[in-house]
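Chemist: Here it is, the structure, as structure tokens.
Nothing in this text is a laboratory measurement; each read-out follows from the coordinates by a stated rule. Computed from a predicted structure; not experimentally measured. Note that each Cβ is placed from the backbone with ideal geometry, even for glycine, and that neighbours are counted across all protein chains shown.
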Amino acid sequence: MSRTFPLEKIRNIGIIAHIDAGKTTATEMILHHTRRTYKVGSVDEGTAVMDWMEQERERGITITSAATTCHWREHCINIIDTPGHVDFTAEVERSLRVLDGGVVIFDGVAGVEAQSEAVWRQADKYGVARICFINKMDRIGADFHHTVTMINERLRIKALPIQLPLGSEKLFRGIIDLVENKIIAFPDPNPALIEESETLLAKHRQALIENLAELDEQIMLPYLSGQDIAASQIKAAIRRLTISNRIVPVLCGSALKDRGIQPLLDAIVDYLPSPLDSPPPSATNSKSGKEILCLASDDEPFSALAFKTVSDLFMGRLVYLRVYSGMVKAGAQVLNSTTGKKERLGKLYVMHADHREEVDHAETGSIVANLGLKMTSTGDTLCEPTRPVLFETIRFAEPVLSMAVEPKSKADQDKLDNALAKLAVEDPTFKIYHDKETGQTLVSGMGELHLEVLMERVFREYSVKVNAGKPQVAYKETITLPVESEGRFVRQSGGKGQYGHVWLRIEPGERGSGFEFRDQIRSGAIPKEFIPSVETGVKTVLQSGGLTGYPVIDVKVTLYDGSFHEVDSSDVAFRMAAFMAMRDGIDKAEPIILEPIMEVEITTPNQFLGDIIGDLNSRRAHIESIESRDESSAVRCLVPLAETFGFAGDLRSRSQGRASYTMHFHRYEQLPQDLAKQIAARMGRSR
Ligand code: GDP
């Protein structure tokens, strides 16, 4: 098997942007210039190729990551589509995980918005190298330099413009290329503007070289000795600094007007890393737990990460893979080291936005879709059975909102169950739960919009009409005091009795730490074989809840003493003892209720600001900042999820439809006392 593209000519990238910044339009233009799309789609007309799901077209937002392969200057560019809406954070996280580089698109008018900041931090976590594209330079209010300053300040990274806009707003007439030292003028350039830009070019090119000289020795030495520095040297320095995440090069243009897209493609090839430039993913041997260095090379054994599962209506279940090492043939037997089971790979496809291409093998660095894997889910590692490598699993946030759903027609119950199960496999932040007491089906997710979108998919893709209940907030409980608690379960009833006895130390954990269990039994006070039963008993109480019946989170439980009986001790007895110790312990540890808090950013024309702030205050919002620019303001605030219902509609009517907002989960915080009392009373469980 020989490679289709040399490894250094592969770019696995994501296009990352705040909703409405122009990601879809830019992607369309990229596909147009790489000649994969025959007719340029338009988001406004709802024909964009990347937004391949019906309702995405209607809503104008990109929800699911579809991978698209295209070619530019003999390079293979795999674009892994990242969703713009942070309600779908899991999608963003898992696509970032498999990217080597990213193009971050900003709206030149709005600049850096809260959501871009959130996604930027996620990209930092995965060490994704980035270039920035300041879009919409043709719009009134577009300000290139202001956006660059915002990137520097808000995202705390050195943003180096490698282009400047030639004019802006209606007079946006071209791009000043500081690297190649040239002006790319669009039709009808204004002669005065061109003249002015010659001066700008000289000045800013000098500034770019000075900045690079400060950071890169290979530029510093010739710079200090007064030598001319060639465009190729500048490019090489920008590439080194971008790949090591020390700078982000900044470009500009207008996706809608098809301006600056070819230079953007050049920058993807010139500055973003190939799989060879990215550090190997952290990996262990799934049998021994020892670290393994998984090098990007076709000569290494095969390894890949399943980063996305899609139930395609026509094809069936597609699993998207990023190959990290080695090569694999379609139909080969591989080990799923996450589940420990062997599976046969079916067919392999390279996906383009408008068609798919069947291939007979997948090589290092490639992104392929697989048809045939039945037992592999998102986040699983596949590998050559002789080298059982396991990549770090992708951690997803727990859902914060739930609602009851039922089919409009009773006859559709099985179809609904089937549809929900399929969606849950695709999306790890979407969960289904059957309440045995009420017989209801509950679904939970990351926000109102998330659940709404999924219910629409149930209707469109599976033809089931759904009645949905009012969304309910997923409250949690935690404790505030460390306590020690004893549990004894002793039954003497003639024959064999029951004997379990434990001492637990129950302590509050840090917010977000979840649950931690430690076994500190020394000198055999409880035999090892019963310890897992103690942990099970503890977990049962945490899941069934303390004060109100909501799950208890962020606690550390240490089993430090107890006793056993040679004959009467059993798993059940220890489970019961732990259960009793935990029930009492939580009561004594001053439990409190926690509620999910959302981070919200609203952009509104100034005349509606007062009214919107008034509405926010009535929703228990904590306003963090208000930034005003020209005619509009951006409000950043934290709002309890319980107070956000109906917010979208209210905002629309208060601003005549001109304000926009983004919202995503921030953290859990204590619910105020008076509300906590109401909830405890409603749940009828105040013990
Ligand atoms: P996404 O949500 O980031 O995918 O953004 P879209 O590509 O859907 O664009 C959002 C809106 O901005 C659409 O109405 C586009 O037509 C518009 N748009 C995108 N790029 C530009 C641009 O460069 N200039 C102007 N004026 N509008 C643009």
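Chemist: P(r) of the range 532-575 in 10 Å steps, Cα pairs, percent per bin?
Modeler: Result, from short to long distances: 24, 46, 24, 6 percent.
Chemist: Between the range 107-165 and the range 566-631, what's the alpha-carbon centroid distance in Å?
Modeler: Between the Cα centre of the range 107-165 and that of the range 566-631, the gap is 31 Å.
Chemist: Enter the angle in degrees (range 0 to 90, nearest 10) between the Cα long axis of helix 89-98 and the first principal axis of the Cα atoms of the chain, meaning the one along which they spread out most.
Modeler: With rounding to tens, the tilt is 60 degrees.
Chemist: Cut-off under 18 Å on the C-alpha distance; same-chain residues fewer than 8 positions from Lys496 excluded. Which aspartates and glutamates are left, in chain and number order?
Modeler: Partners within reach: Glu566, Asp568, Asp571.
Chemist: Moving on. Put +1 on the Cβ of every Lys and Arg and -1 on every Asp and Glu Cβ in the chain; which of Val269, Gly167, Ala237 then has its Cα farthest towards the positive end of the dipole?
Modeler: Looking along the dipole axis, the top candidate is Val269.
Chemist: Please list, in chain and number order, the residues 5+ apart from Thr69 or on another chain whose amide H is under 5 Å from its amide H, with Hs placed from the backbone.
Modeler: Long-range HN contacts for Thr69: Ile79, Met351, His352, Ala353.
Chemist: Compute the length gained on full extension between Asn418 and Arg3: take 0.36 nm times their separation in residues and subtract their Cα-Cα distance, giving the result in nm to one decimal.
Modeler: That works out to 145.4 nm of additional length.
Chemist: Of Pro222, Tyr560, Gly14, which is farthest on the positive side of the dipole of the chain, counting Cα position, with +1 on Lys and Arg Cβ, -1 on Asp and Glu Cβ, and the Cα centre as origin?
Modeler: Of Pro222, Tyr560, Gly14, it is Tyr560.
Chemist: Starting from the Cα of Lys308, draw a straight line to each of the aspartates and glutamates and keep only those under 13 Å, dropping any in the same chain fewer than 8 residues away.
Modeler: Partners found: Asp81, Glu91, Glu93, Asp380, Glu426, Asp427.
Chemist: Amide H neighbours of His666 under 5 Å, counting only residues 5+ apart in sequence or on other chains, H built in-plane at 1.01 Å?
Modeler: For His666, the qualifying residues are Ile597, Met598, Glu599.
Chemist: Still on this structure: Take every Cα pair under 8 Å in the range 181-288 that's 6+ residues apart, average their separations, divide by the length, and report that relative contact order as a whole percent.
Modeler: Answer for the range 181-288 is 18 percent.
Chemist: For a paramagnetic label modelled at 7 Å from the Cα of Leu200 toward its Cβ, which residues of the range 143-169 fall within the zone defined by backbone nitrogen distances under 12 Å?
Modeler: The answer is 143-146, 163-169, whose backbone nitrogens lie closer than 12 Å to the label point.
Chemist: Which residue, chosen from Leu382, Tyr349, Leu594, occupies the Cα position most advanced towards the positive end of the dipole of the chain, where the dipole is computed from +1 (Lys, Arg) and -1 (Asp, Glu) charges on Cβ about the Cα centre?
Modeler: Of Leu382, Tyr349, Leu594, it is Leu382.
Chemist: At a Cα cut-off below 19 Å, give the lysines reachable from Lys556, other chains included and same-chain residues fewer than 8 away excluded.
Modeler: Lys476, Lys539, Lys588
Chemist: If you don't mind, another one. What angle, in degrees between 0 and 90 and rounded to the nearest 10, separates the Cα long axis of helix 191-215 from the longest principal axis of the Cα atoms of the chain?
Modeler: Roughly 50 degrees between the two axes.
Chemist: Let me ask something else about it. Relative contact order (percent) for the chain, with alpha-carbon contacts under 8 angstrom and 6 or more residues of separation?
Modeler: So the answer I get is 10 percent.
Chemist: Taking a threshold of 23 Å on the Cα-Cα distance, which of the pairs Lys470/Lys677; Lys347/Lys422; Lys290/Lys431 fall above it?
Modeler: Long pairs (Cα-Cα over 23 Å): Lys290/Lys431.
Chemist: Return the distance in nm (one decimal) between the two label points of a simple spin-label model at Asp299 and Glu590, each offset 7 Å from Cα along Cα→Cβ.
Modeler: 6.4
Chemist: Would you work out the charge dipole size for the range 131-208 about its Cα centre, treating the Cβ of every Lys and Arg as +1 and the Cβ of every Asp and Glu as -1, and quote it to the nearest 20 debye?
Modeler: 360
Chemist: Given contacts defined as C-alpha pairs under 8 Å and at least six residues apart, what's the relative contact order of the range 504-614, whole-number percent?
Modeler: About 36 percent, as a whole number.
Chemist: Indicate, rounded to the nearest 5 percent, the antiparallel portion of the DSSP beta bridges found entirely in the chain.
Modeler: Bridges in the chain that DSSP calls antiparallel: roughly 80 percent.
Chemist: Can you give the angle from 0 to 90° between the axis of helix 531-544 and the longest principal axis of the chain, with both taken from C-alpha atoms, to the nearest 10?
Modeler: 70
Chemist: State to the nearest 20 debye the size of the charge dipole of the range 219-335 about its Cα centre, where the only charges are +1 on K and R beta carbons and -1 on D and E beta carbons.
Modeler: For the range 219-335, the charge dipole is close to 320 debye.
Chemist: First measure r as the distance between the Cβ atoms of Lys465 and Met220, then evaluate 1/(1 + (r/R0)^6) with R0 = 60 Å and state the FRET efficiency to the nearest 0.05.
Modeler: Once rounded, the FRET efficiency stands at 0.35.
Chemist: Only helical DSSP H runs with n ≥ 4 go in: add -39500 (n - 2.57) per run for the chain, normalise by residue count and round the 222 nm mean residue ellipticity to 500 deg cm²/dmol.
Modeler: It lands at -9000 deg cm²/dmol.
Chemist: Summing +1 for each Lys or Arg and -1 for each Asp or Glu, what net charge is found among the other residues whose Cβ lies under 13 Å from the Cβ of Met137?
Modeler: Local charge sum for Met137: +1.
Chemist: While we're on this one: If you find the alpha carbon centre of the range 414-485 and of the range 252-316, how far apart are they in angstrom?
Modeler: The range 414-485 and the range 252-316 have Cα centres spaced 31 Å from each other.
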